[in-house]
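J.: Before I ask anything, let me first share the structure, which is written out below as structure tokens.
No lab work stands behind these numbers, since they all come straight from the coordinates. It should be emphasised that the depicted structure is a prediction, and the values quoted were computed from it without experimental measurement. Because the Cβ atoms are built from the backbone with ideal geometry, glycine has one as well, and the counts that use them run over all protein chains shown.
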Amino acid sequence: MSITDRLSAIKANIAKLQKESPLAAKHVKLIAVSKAQSIEAITELLEAGQRVFGENRVQEAAEKWPNLREKYPDIELHLIGSLQTNKVREALELFDVIEAVDRVGLVDAIVKESSKLNAIRCKKFFIQVNIGNEPQKGGISIEALPHLLAACNLQPATLVSGLMCVPPADQLPAPYFALLYKLAKEHSLPNLSMGMSGDYETATRLGATHVRIGTALFGERK
Ligand SMILES: *Cc1c(COP(=O)(O)O)cnc(C)c1O
């Protein structure tokens, strides 16, 4: 199967799950996770009409995307990996959405850099929640989420529109997706970025508005 065929198959699958599942969102955005993928493979997806992409590193995105944007100006680029404070300025110029806001220090840096820049691309933010409470993983703890949300929403520059998570790798993801859904409802946040190649179907059934799919689209990363 070509990348384009896989894109069509995944989209059809998501549409079917949306019809079947009472909790599924009306609109589910497929984020093509293009980290470690070639420009050729990415271009194939762009030619097939895909416009929403995800990268997990600022440096790699800076090398790949400015050129592609010249040719395809309506690209929507999501930063799905953790962001260091010293890369905030670059990230605000490169990405449309930053999904992994996970600490007050990062919010402060975003506010500070936003006030200095006159052309900010990024206007949309998600908070990453460490949903399985794993020490090695990024994301704010569930206990500290209300505090971080309050810090974000004090500032118009960092208004949060959703939550993002990566559940523990060795467990069934459904309870973690259900928990993220509940947290988003509690805080009246409309967007939920959850689900990757291995579990996007479960995530779609449980209300994901954004699924982040790499391997199932592109094949294994090099
Ligand atoms: C790499 C990555 C993905 C995509 O993973 P696949 O299993 O290849 O679909 C999704 N989300 C995040 C945060 C990632 O780092």
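J.: Can you give the FRET efficiency to the nearest 0.05 for ARG51 and ALA9, using r as the Cβ-Cβ distance and R₀ = 22 Å?
T.: With a Förster radius of 22 Å, E is 0.75.
J.: Can you tell me the relative contact order of the chain? Whole percent, Cα pairs under 8 Å, sequence separation 6 or more.
T.: Reported relative contact order: 22 percent.
J.: Need one word for the range 1-109: rounded, prolate or oblate. Basis is the Cα gyration tensor (sqrt eigenvalues a ≥ b ≥ c); a/c below 1.5 gives rounded, then a/b vs b/c decides.
T.: Here the range 1-109 falls in the oblate category.
J.: Would you please give the residues with an amide H less than 5 Å from that of VAL33, counting only those at least 5 places away or on a separate chain, with H modeled from the backbone geometry?
T.: Those lying under 5 Å, H to H, from VAL33 are GLY54, ILE213, GLY214.
J.: Distance in nm between label sites at SER188 and ASP74, each 7 Å beyond Cα in the beta-carbon direction?
T.: 3.2
J.: Next up: Explain nothing, just compute: Karplus ³J(HN,Hα) = 6.51 cos²θ - 1.76 cosθ + 1.60, θ = phi - 60°, for every residue of the range 28-43 in order, whole Hz, x for Gly and Pro.
T.: 10, 8, 8, 9, 7, 7, 9, 4, 6, 9, 6, 4, 4, 5, 5, 5
J.: Take TYR176, TYR72, TYR181 and order them by how many other Cβ atoms sit within 10 Å, fewest up front.
T.: Starting with the residue having the fewest Cβ neighbours, the order is TYR72, TYR181, TYR176.
J.: So if a site counts as exposed when it's one of the GluC sites (Glu not before Pro), its DSSP state isn't H, G, I, E or B, and it has at most 13 other Cβ atoms within 10 Å, what's the longest stretch of the chain without one?
T.: 1-142
J.: Still on this structure: Using θ = phi - 60° and the Karplus curve 6.51 cos²θ - 1.76 cosθ + 1.60, what whole-Hz ³J(HN,Hα) does each residue of the range 88-100 get, with Gly and Pro shown as x?
T.: 4, 4, 4, 5, 5, 7, 8, 9, 8, 9, 10, 9, 10
J.: For the range 92-112 and the range 162-222, compute the distance between their C-alpha centroids and round to whole Å.
T.: Answer, in whole Å: 21.
J.: So how do 114-122, 165-173 stack up, highest first, on mean other-Cβ count within 10 Å?
T.: Ranked by mean Cβ neighbours within 10 Å, highest first: 165-173, 114-122.
J.: Once fully extended, how much extra length lies between ARG121 and GLN136, figured as 0.36 nm per residue of separation less the alpha-carbon to alpha-carbon distance?
T.: Extra length from ARG121 to GLN136 when fully extended: 2.4 nm.
J.: What ranking do HIS27, HIS147, HIS78 get, fewest neighbouring Cβ atoms within 10 angstrom at the top?
T.: Lowest count first: HIS27, HIS147, HIS78.
J.: Follow-up question, since we're still on this one. In straight Cα distance, which aspartates and glutamates are under 12 Å from LYS11, not counting same-chain residues fewer than 8 positions off?
T.: Hits, sequence-local ones excluded: GLU201.
J.: While we're on this one: Once you put a point 7 Å from the Cα of SER21 and another 7 Å from the Cα of ALA150, both along the Cβ direction, what distance in nm separates them?
T.: 3.3
J.: Considering every Cα-Cα pair within the range 77-156, what fraction, in whole percent, is farther apart than 19 Å?
T.: Counting every Cα pair in the range 77-156, those more than 19 Å apart make up 32 percent.
J.: Then there's this: Would you kindly derive the ³J(HN,Hα) couplings of the range 107-116 from the backbone phi angles with the Karplus curve 6.51 cos²θ - 1.76 cosθ + 1.60 (θ = phi - 60°), listing them in order in whole Hz, with x for Gly and Pro?
T.: Each residue's phi maps through the Karplus curve to give 4, 4, 5, 5, 4, 5, 5, 4, 5, 8 Hz.
J.: Further, regarding this structure: For the chain, evaluate the Debye formula with one uniform point scatterer on each Cα (no solvent term) and list log10 I(q)/I(0) at q = 0.17 Å⁻¹, rounded to two decimals.
T.: Log-scaled intensity ratios, in q order: -1.26.
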